[in-house]
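Before any comments, here is the structure.
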Amino acid sequence: MSSATGIFLLSLTAIPIAYSLNFAYQLSWGQWPVLFIGCVCLFAVALVAYVLVKSSSSRHRISDPCFYVFSVFAFTSVIDMVIALELDGVIDNFVTFYLKEGELYLNTAHGTMINYWDGTGQYCMYLMMVTAIVWKQSYREVALYWFGSIMMSLVIFMPGNIAGKFGGDLKVSYVLNFPFVVLPFVILVKKWREEPTYEWSPSEAKTTQQKSILKRPVDLMFAVYLIGAALFSFLRALAAWESPLGLAQTYVNDYEPYLKDPVIYPKIHVMIYWFYFVPYYVCCIYGLIYPGKSWMPDLALIHAGASAQGQITHIGSSVHSRTPYIYRIPYSARPVVYTLNILLLVVPQLMSYKFTYYPQFFADLEQNSKSSTNGQIQKKQR
């Protein structure tokens, strides 16, 4: 059995472990034992992953420490999927103890949706990266996409837990989230320093970079989208903080009342767009107009991951049964709101695909001329 298969099976042990711990909760544990057991489980998973690597054949020896991080995170993704299913009533008595003595703020629509995303989208990313490590292949692009996804989740979730209506009910198990804040940055630095695996032809890149944006209809469409997304982000920021401006009042009352939910997650969501995404939009428009900005494909991957997590969670939470009825999107407004939010989800994915697999316009020709000769196609191993 390969190490990758072993990690997949190891992650599935989260289901019986969660059920067993929930049964043992009848002993009336408090919040401190929950924190202790959580730490023990994470350490035990890392230890078992280490044993799996040591017992594997020599051709599957692992030298990348990220393997153990992703192994632990895959285990927690299955736990999160179990939490989401229990919150929606699909299963019962698997993590009841944790929802009472652990993280109470998970009992919200936002908490449910982030667990669904972690148990599906991010779980698949962990398995992909674990497999890539075992097969000695590059997983740089997946890692950048995953970083955007998990950080978008945490920059909304962590402050929202404190500032929202559950701020007075924090338990010590809140600190279990800290490794998920620190380790992604360590992995980002590690992967950012690696050489990109994008492929491009110097001759084709030179020809492409001589075209203005008006002669590149796809890039022009992206620029128009970015301008519209920036304006929409400004409107939603005004609406979330209940600006007296008529258009903002109309939007928050008639289209997206979820922005007024006291859990405060949606407010933080739209402010992340205004303070972080809009500056990226401006930089991206600049990069679409002027050639040779080699950082564009990498940032597009991070932005796509953040957009996927943020929009799926936001859209799902705004119509979820755990959101009070008065804050859900009205049926009459759903076509408009869905269209706008789905655009914020889909277009960043298209941009990252285009920038990653057709990076000619963003190629640094000056740097390439120093490292290659005769205009040969520059290829790097994936």
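None of the figures in this text is laboratory data; all of them are computed from the coordinates on show. Quick caveat: nothing in here was measured; it's all calculated off a predicted structure. All Cβ positions, even for glycine, are placed from backbone atoms using ideal geometry, and neighbour counts span all protein chains on display.
Counting Lys and Arg as +1 and Asp and Glu as -1, what is the net charge of the other residues whose Cβ lies under 14 Å from the Cβ of residue 263?
+2
Gain in length, residue 100 to residue 346, computed as 0.36 nm per residue apart minus the alpha-carbon separation, to one decimal in nm?
84.9 nm
In debye, nearest 20, what is the charge dipole magnitude of the chain about its Cα centre with +1 on Lys and Arg Cβ and -1 on Asp and Glu Cβ, if you could check?
Dipole size: approximately 940 debye.
How big is the dipole moment of the range 68-125 about its Cα centre under a simple scheme where the beta carbon of each Lys and Arg is +1, that of each Asp and Glu is -1, and everything else is neutral? Debye, nearest 20, please.
100
Quote the FRET efficiency, to the nearest 0.05, computed for residue 92 versus residue 294 with a Förster distance R0 of 41 Å and r equal to the Cβ-Cβ distance.
Once the sixth-power term is evaluated, E becomes 0.20.
Could you grab the Rg to Rh ratio for the range 3-192? Cα atoms only, Kirkwood for Rh.
0.97
If a helix is a whole DSSP H run, which ones in the chain reach 30 Å or further along their own axis (Cα) and hold a mean Kyte-Doolittle hydropathy of at least 1.6?
31-55, 66-87, 217-240
Set the bar at 24 Å for Cα to Cα. Now go through 293/354; 267/354; 190/211; 260/354; 165/260 and name every pair that lies beyond it.
Table pairs above 24 Å Cα-Cα are 267/354; 190/211; 260/354.
In nanometres, what is the gap between the two model label sites at residue 218 and residue 275, each 7 Å from Cα along Cα-to-Cβ?
Here the answer is 3.5 nm between the modelled labels.
For the range 92-175, restrict the atom set to alpha-carbon positions and state the Rg and Dmax in Å.
Rg, Dmax (Cα atoms, Å): 15.5, 47.
How big is the range 202-368 on each of its three principal axes, counting only the C-alpha atoms and giving the largest first in Å?
In descending order, the Cα extents are 58, 29, 25 Å.
Specify the inter-centroid distance of the range 135-167 and the range 177-235, based on alpha-carbon positions, in whole Å.
Between the Cα centre of the range 135-167 and that of the range 177-235, the gap is 18 Å.
If amide H atoms are built 1.01 Å from N in the plane of the peptide, which residues on other chains or at least 5 residues away come under 5 Å of the amide H of residue 200?
Those qualifying (amide H under 5 Å, at least 5 residues apart or on another chain) are 378.
Scan the range 174-218 for GluC sites (Glu not before Pro) in coil per DSSP, keeping those whose Cβ has at most 16 other Cβ atoms within 10 Å, and list them by number.
Within the range 174-218, the qualifying GluC sites (Glu not before Pro) (loop, at most 16 other Cβ atoms within 10 Å) are 194, 199.
Would you mind counting up the charge near residue 206? Only other residues with Cβ under 14 Å from its Cβ, with Lys and Arg at +1 and Asp and Glu at -1.
Every neighbour counted, the sum reads -2.
On a full-extension model of 0.36 nm per residue, what is the gain between residue 32 and residue 193, subtracting their alpha-carbon distance, rounded to one decimal in nm?
The residue 32-residue 193 span can extend by a further 54.0 nm.
Let me know the whole percent of all Cα-Cα pairs from the chain that are separated by more than 39 Å.
Percentage above 39 Å: 24.
So for the pair residue 44, residue 326, with labels modelled 7 Å out along Cα→Cβ, what separation do we get in nm?
A separation of 4.5 nm, rounded to one decimal place.
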